[in-house]
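The structure appears below as structure tokens.
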Amino acid sequence: MKAILIDPHNRSVSEVEVNKKTFLKDLYEHIGCDLVERVISDDRKHEIWLDEEGLFREPLAFFKYSGYPQEAYAGKGVILGCNRTLSDSKDCTLTLDEVRAKVKFVSIDELRRGL
């Protein structure tokens, strides 16, 4: 499946692949973790898979993404599409430019100052 990786450490957004047969393994590899959590977009068309323990990894790096409920996310994230019942992931239909326009990379100091 087509997916988009948001990497706040390198401040980059890039395309990656996630195979349905090796779904969790691929997410763990792209994100660099062994425990993920899923956040659904406000429009319920996309999801971001995140490092469940992102706040405990050094160095801390964050990103904000408009259209999602939380103010900021710690660590890397992988965007995929999701079906209407939210029961299955599918190809991300967003372009890199659309994601880049919605992402803002922020430091811990900026978060503390409310930027």
Just for region 38-64: of the residues that are among the basic types (Lys, Arg) and within 10 Å of the chain's Cα centre (by Cα), which one is most open to solvent (accessible area, probe 1.4 Å)? Arg38
Could you tell me whether Val78 is closer than 23 Å to Asn19 by Cβ and in a helix (DSSP H, G or I)? no
Filter result (open to solvent by less than 80 Å² (accessible area, probe 1.4 Å), under 14 Å from the mean Cα position of the chain (by Cα) and within 15 Å of Leu50 (Cα to Cα)) within region 9-23: Val13, Val16, Val18
Hey, can you tell me all the residues within region 82-115 that are open to solvent by less than 10 Å² (accessible area, probe 1.4 Å) and modelled with pLDDT of 95 or more? Cys92, Val99
Per the list (1) open to solvent by 40 Å² or more (accessible area, probe 1.4 Å); (2) touching a residue at least 60 places away in the same chain (Cβ under 8 Å); (3) farther than 20 Å from Gly32 by Cα, residue check on Lys76 breaks on (3)
Against the conditions (1) at negative phi; (2) open to solvent by less than 40 Å² (accessible area, probe 1.4 Å), where does Gly67 fall short? Just the number, please. (1)
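The values are calculated or read from the model by the stated rules, or taken from the named source; none is laboratory data. Treat the numbers as computed from the prediction; the structure is a model and nothing was measured. All Cβ positions, even for glycine, are placed from backbone atoms using ideal geometry, and neighbour counts span all protein chains on display. Just so you know, the surface numbers come from the protein's heavy atoms only, side chains and all, with ligands and any DNA or RNA stripped out. Shrake-Rupley method; radii C 1.70, N 1.55, O 1.52, S 1.80 Å.
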